[in-house]
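Peer 1: Dumping the structure here so I can ask a few things about it.
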Amino acid sequence: MRKKELRIYSTFTDRWATQGFLFMLPALFFVTLFIVVPVFLNVFLAFTNYKGFGVPYRFIGLMNFQSLVTDASFWLVLGNTFRLLLIYVVVLNVVAIFLAILIVDVGARFGNFVKALLYFPCLLAPIVVGFVWRLILNYNRGLVNSTLRSFGLDGLAQNWLGEPALIIPIISLVIVWFATGYYTIIYYAGVMAISPEYYEVATLEGANGIQKFRYVTLPMLAPAITINVVLSTMGVLGAYDLPTAISAGGGPGYHGTTLALLVIRYVYDTYQEGKALAVAVIMSLIAVVLAYFELKILIKREEH
Amino acid sequence: MPGQKSRRIQNMHIGGHIILIVVATIILIPLYYVFINAFKTDAAINLHPMAFSLDYFTTANMANVWRLLAFPKALLNSVILVVISCSILIVSGSMAGFAIAIVNNRLLKTLYIILILLISVPFQVIMISIIQILSATKLMNNYFGTSFVFAAVSMPFTVFLYTGFMRAVPRELCEAAIVDGCGMGQTLLRIYLPLMKIVTSTILILRGTGIWNDLLIPLVTFTNERYDPLVRRLYSFASLRFNRWDLLFAGTVLCSIPILLLFLFLQRVFIRGLLVGSVKG
């Protein structure tokens, strides 16, 4: 059926093959000049002693990568990046699924209100959110500590943003606070799309709430979960604005720094362009892995 | 028995309400905290951070921040960047999406897959090379240079959306247009784009706010602060004054107002657009 349709159709649009390519040119121009060329240029430059525009440079082999892997802070940052990915992606998706189910459950009126409210933080600039939480978690004057102190719980008041062990979990959770609305709305659409008949059958079979969730909701949400996991991983891998705003550029030390921040720190703080280029190559390798999954999902979605 | 069951369901709903109210509070408290303190003196922020009282009310912070940020100029810079990059995005994106959707051609399909792959490239990967390319083409410190970068990084997703939705348009429409003597450009302009209003507004909203709120690309592509858009101006401003909480609160609120106003007017479009952007069809 579909094949036949295509054949009839192609007689009409065959003559547009050349023109179709012309129609793609503007998009291709921007994407080639500002994404494709830079990706390859970056890999090339990573093997040179490039120091900035206009300065002559030469081939130095793997030296940039060598100085990167012998730098202890790089391994710390790599660990931070994976910790951020793990905490953020797991917490975000669990919370968003849970909220989506609750929003469907409580009905349209209250549900819509919560949905709009949850989406609200997504509108703010990430650096605004970062600054706000930096103030809230401030040791001397922040809302969290002043509340704890006013209840006489001075002992619990922490230097939240100064603790090396706490900073990555805090950054992850603040990004969750920021992004939950977006993912909740996607899951909400997924939950709404599940036919009520499945739940009716489950009820007839005597399933309780948890069993319904386990055997109906979760399997039906599987495609949405895959998409959201890939989307959220991609989103947080390059996240710069919010983490840098909350951790004052990746502190304390390198404990609040991820790969996304490390590139900028190397370029603008320590002037080590070579190491920055090497980090960028590593990030592109991670991006290739993500792109593979992304392509599988998107193409599959297309076929439906 | 039925009574017991309905009571259990009722309990569950009450539980759901309570959890959602708690979640709503977690979202609201930071927003309230910022908003209320934007209109207080520094001393009042210190002593009564959560108090809502007209005794502490002042608009001096706002006036100061307005001046220090050079707000009108920064706002204008943001508007210029969003307008140029979104225009490029919509024009080039819809043309590319249209070509991929209606022309049955192997080359175009391959290019489409490459475009999709580029969605996952983080900006940091291309940052240093972008500086080099912009410097070589004299596009550093140039509204167009920065807008080109913004348009380029948003292009793959835009083409993806247009392609998906244009494929879903019944082919008879396209054939009828050809029979009536429309060329490819006219078919796009007169038949397809009017059908794509939701997709176009989605892209404008999602990418428009994304570009408006972005710090990193202006940070890298502008070295002269006279071009700085609002968010970057706020960043430099805040980094220098982290002990002045009155100014920080006022600055964050002032910089958020334009987008929030937009949201209030276009709330329906926003939420609908989110779904278009995430769940196809």
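Peer 1: Go through the range A:139-187 and count every residue that is in contact with a Ser or Thr (Cβ under 9 Å, 6 or more places away or on another chain), within 16 Å of A:G251 (Cβ to Cβ) and part of a loop (DSSP other than H, G, I, E, B).
Peer 2: Going through the range A:139-187 one residue at a time, the tally reaches 1.
Peer 1: For the range B:185-265, give me every one of the helices (runs of 4 or more DSSP H) that falls completely inside it and has 3 or more residues that are free of Cβ contacts under 8 Å to residues at least 60 places away in the same chain and closer than 20 Å to A:P126 by Cα. Even if it seems obvious, please write down each step before you answer.
Peer 2: On the way: elements: B:197-213, B:216-221, B:230-240.
Per the criteria, B:197-213, B:230-240.
Peer 1: Let me ask another. Determine, yes or no, whether B:V34 is touching a residue at least 24 places away in the same chain (Cβ under 8 Å), under 28 Å from B:L240 (Cα atoms) and at the interface with chain A (Cβ under 7 Å from one of its Cβ atoms). Spell out the reasoning first.
Peer 2: Numbers: touching a residue at least 24 places away in the same chain (Cβ under 8 Å): yes; under 28 Å from B:L240 (Cα atoms): yes; at the interface with chain A (Cβ under 7 Å from one of its Cβ atoms): yes.
Here the answer is yes, as B:V34 does meet what is asked.
Peer 1: Where in the range B:52-129 are there helices (runs of 4 or more DSSP H), lying fully within it, with 3 or more residues that are at pLDDT 95 or above and open to solvent by 60 Å² or more (accessible area, probe 1.4 Å)?
Peer 2: Values: elements: B:60-68, B:71-102, B:106-117.
Result: B:71-102.
Peer 1: Only one of these is of a type outside the set (A, V, I, L, M, F, W, C), within 14 Å of chain B (Cβ to nearest Cβ) and on the phi > 0 side of the Ramachandran plot: A:G20, A:G61, A:G52. Name it.
Peer 2: Selected residue: A:G52, the only one of A:G20, A:G61, A:G52 that is of a type outside the set (A, V, I, L, M, F, W, C), within 14 Å of chain B (Cβ to nearest Cβ) and on the phi > 0 side of the Ramachandran plot.
Peer 1: Still on this model: Would it be correct to say that A:Y9 is modelled with pLDDT under 90 and surrounded by 15 or more Cβ atoms within 10 Å (Cβ to Cβ)?
Peer 2: Yes: the conditions hold for A:Y9.
Peer 1: If you go through the range B:145-183 one residue at a time, how many are facing chain A (nearest Cβ under 9 Å) and not in a helix (DSSP H, G or I)?
Peer 2: 1
Peer 1: If you don't mind, another one. With A:L118, A:L92 as the choices, which residue is at the interface with another protein chain (Cβ under 8 Å from one of its Cβ atoms), farther than 30 Å from A:L45 by Cβ and open to solvent by less than 20 Å² (accessible area, probe 1.4 Å)? Break it down into steps so the answer makes sense when it comes.
Peer 2: On the way: A:L92 fails: at the interface with another protein chain (Cβ under 8 Å from one of its Cβ atoms).
None of the others qualify; the one that does is A:L118.
Peer 1: For A:N145, indicate whether it is out of contact with any helix residue (DSSP H, G or I) (no Cβ under 6 Å at 6 or more places or on another chain), open to solvent by less than 40 Å² (accessible area, probe 1.4 Å) and in contact (Cβ under 8 Å) with a residue 12 or more places away in the chain. Let's see the steps before the verdict.
Peer 2: Working: out of contact with any helix residue (DSSP H, G or I) (no Cβ under 6 Å at 6 or more places or on another chain): yes; open to solvent by less than 40 Å² (accessible area, probe 1.4 Å): yes; in contact (Cβ under 8 Å) with a residue 12 or more places away in the chain: yes.
Judged against the criteria, A:N145 is a match.
Peer 1: For B:I211, indicate whether it is in contact with a Phe, Trp or Tyr (Cβ under 6 Å, 6 or more places away or on another chain), open to solvent by less than 30 Å² (accessible area, probe 1.4 Å) and more than 10 Å from chain A (Cβ to nearest Cβ). Talk me through it step by step, then tell me what you get.
Peer 2: Working: in contact with a Phe, Trp or Tyr (Cβ under 6 Å, 6 or more places away or on another chain): yes; open to solvent by less than 30 Å² (accessible area, probe 1.4 Å): yes; more than 10 Å from chain A (Cβ to nearest Cβ): yes.
Yes.
The values are calculated or read from the model by the stated rules, or taken from the named source; none is laboratory data. Worth saying up front: this structure is predicted, and the values here are computed from it rather than measured. Every residue, glycine as well, gets a Cβ built from its backbone with ideal geometry; the counts of neighbours run over all protein chains shown. Surface areas here come from the heavy atoms of the whole protein model, side chains and all, with no ligands, DNA or RNA. Shrake-Rupley method; radii C 1.70, N 1.55, O 1.52, S 1.80 Å.
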